[in-house]
Structure formats: C-alpha cells, structure tokens
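Single-structure report; data block below.
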Amino acid sequence: MRYCLDSNVIIDMFRGETAIKAKLESMEHYCITPVVLCELFKGAYAAQGKDEAIKLVEAFLHSAELLEFNEHACRLFGQRYASLKQKGKTTQESDLMIACTALSHNCILVTRNTKDFVNVQGLRVISV
C-alpha cells in the first residue's frame, strides 16, 4: 500500500506531533507530490529560521518518494475539474492537483483536511 502525504500532515510532523510520527512509522511506503513539495519549500523559505526549515524539508525528502505529475495526472485533473465545476463543487486547484497525482499513482491520500478532497471521485482518503 502506498500513502501520499498532504502538506498539513508533514508540517504537523515537523512540529513534533507524536501521533503523526507514529502513524508515518507504521506506513510501509509513503510519498509526496510535487505540489506538496512546493508548499513545503514555500513555507520553509518564508520561515523565521529559514536555513533550518529548508534543511528539514530536504531531510524529509530523502525518506519519501517524490511522485511524478505525469500526463495521466494532468488528464485526471482536467476531467475532475470539469466534473466538479459542473456540479458546483470546485476545490482549490492545488488540492485537486495533489488528489489527481495520488490517483494516477494509485495511492491513498493522507491528510488532516478531508473536506478539501471529499468531492474528488475515486480518491481514497484517510485522516490522521
């Protein structure tokens, strides 16, 4: 089973939440999307302790697989976006990119904000 981590899960782990750390240790394989990595670096470069924050992100990246935002993910994004718009249930585009990348790699998305992903058809989501 592959688990794709949302940025809020990683950030809470960085903040020392032991429950998150324990959950990640129980997962056999976890990965992140390029959008999540962008969000992590955005926060790191804006942080007060920028150098330490950047090192923390880089160290984490060594333990996680970075998924490719491939053509399949892009097609899913277009399909899901059009479907959600038609239903009047749009979500933030960055969250939809995360969801479609997880879908294209057959991963379960791990997040603390399930409401951001509840309307994405076919996405398996767990909350921690």
Practice task
Identify all residues within the stretch 37-59 that are farther than 19 Å from SER94 by Cβ and among the hydrophobic types (A, V, I, L, M, F, W, C); write none if there are none.
Solution key: ALA47, ALA53, ILE54, LEU56, ALA59
Completion exercise
Checked pairs for the stretch 32-45, first touching a residue at least 24 places away in the same chain (Cβ under 8 Å), second among the aromatic types (Phe, Trp, Tyr), C-beta under 9 Å and 6 or more apart or across chains, list as ILE32/PHE60; THR33/PHE69; PRO34/PHE69; VAL35/PHE69; LEU40/PHE14; LEU40/PHE60
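Given the criterion of a type in the set (S, T, N, Q), within 23 Å of ILE126 (Cα to Cα) and touching an Asp or Glu at 6+ places or on another chain (Cβ under 7 Å), identify the matching residue among THR33, THR91, THR18.
Details: THR33 fails: touching an Asp or Glu at 6+ places or on another chain (Cβ under 7 Å); THR18 fails: touching an Asp or Glu at 6+ places or on another chain (Cβ under 7 Å).
One residue alone meets the criteria, THR91.
Could you tell me which residue of the stretch 62-79 is farthest from GLU93 (Cα to Cα), considering only residues that are modelled with pLDDT of 95 or more and in contact with a Leu (Cβ under 9 Å, 6 or more places away or on another chain)?
Taking the stretch 62-79 first, the residues modelled with pLDDT of 95 or more are 65-79.
Going one step further and asking which of them are in contact with a Leu (Cβ under 9 Å, 6 or more places away or on another chain), we end up with 66, 72-73, 76-77.
Numbers: LEU66: 19, HIS72: 16, ALA73: 13, LEU76: 12, PHE77: 9 Å.
If we take residues in the stretch 62-79 being modelled with pLDDT of 95 or more and in contact with a Leu (Cβ under 9 Å, 6 or more places away or on another chain), then LEU66 is farthest from GLU93 (Cα to Cα).
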Fill in the blank from the handout: Reported set for the stretch 66-125 where residues are surrounded by 16 or more Cβ atoms within 10 Å (Cβ to Cβ), over 13 Å from THR33 (Cα atoms) and of a type in the set (Asp, Glu) is ASP116
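Taking only the stretch 87-119 into account, find how many residues are basic (Lys, Arg) and touching a Lys or Arg at 6+ places or on another chain (Cβ under 6 Å). Break it down into steps so the answer makes sense when it comes.
Looking only at the stretch 87-119, we keep the residues that are basic (Lys, Arg), and these are 87, 89, 112, 115.
Next cut, touching a Lys or Arg at 6+ places or on another chain (Cβ under 6 Å) only: none.
The number of residues fulfilling the criteria is 0.
SER83: under 12 Å from the mean Cα position of the chain (by Cα) and over 18 Å from ARG15 (Cβ atoms), yes or no?
Working: under 12 Å from the mean Cα position of the chain (by Cα): no; over 18 Å from ARG15 (Cβ atoms): yes.
Judged against the criteria, SER83 is not a match.
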Problem - Of residues in the stretch 86-128 being over 10 Å from the mean Cα position of the chain (by Cα) and of a type in the set (Ser, Thr, Tyr), the one farthest from MET27 (Cα to Cα) - result: THR90
Practice task
Could you tell me whether any residue of the stretch 40-48 is surrounded by 12 or more Cβ atoms within 10 Å (Cβ to Cβ), at pLDDT 95 or above, in contact with a Gly (Cβ under 8 Å, 6 or more places away or on another chain) and in a helix (DSSP H, G or I)?
Solution key: no
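Only one of GLU28, GLU52 is surrounded by fewer than 18 Cβ atoms within 10 Å (Cβ to Cβ), among the charged types (D, E, K, R) and modelled with pLDDT under 95; which?
Working: GLU52 fails: modelled with pLDDT under 95.
Of the residues listed, the single one that is surrounded by fewer than 18 Cβ atoms within 10 Å (Cβ to Cβ), among the charged types (D, E, K, R) and modelled with pLDDT under 95 is GLU28.
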Problem - Single residue of the stretch 86-113 satisfying the filter (of a type in the set (S, T, N, Q) and in a helix (DSSP H, G or I)) that is farthest from ARG75 (Cα to Cα) - result: GLN86
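Does the stretch 1-39 hold any residues that are touching a strand residue (DSSP E or B) at 6+ places or on another chain (Cβ under 9 Å) and among the small types (Gly, Ala, Ser), and which are they? First the steps, then the outcome.
The first filter runs over the stretch 1-39 and keeps only residues touching a strand residue (DSSP E or B) at 6+ places or on another chain (Cβ under 9 Å), leaving 1-10, 13, 23-24, 27-34, 36-37.
Answer for the stretch 1-39, where residues must be touching a strand residue (DSSP E or B) at 6+ places or on another chain (Cβ under 9 Å) and among the small types (Gly, Ala, Ser): just SER7.
The values are calculated or read from the model by the stated rules, or taken from the named source; none is laboratory data. All figures in this text were calculated on a predicted structure; none of them were measured in a lab. Don't worry about glycine lacking a Cβ; one is built from the backbone with ideal geometry, like all the others, and counts go over all protein chains shown.
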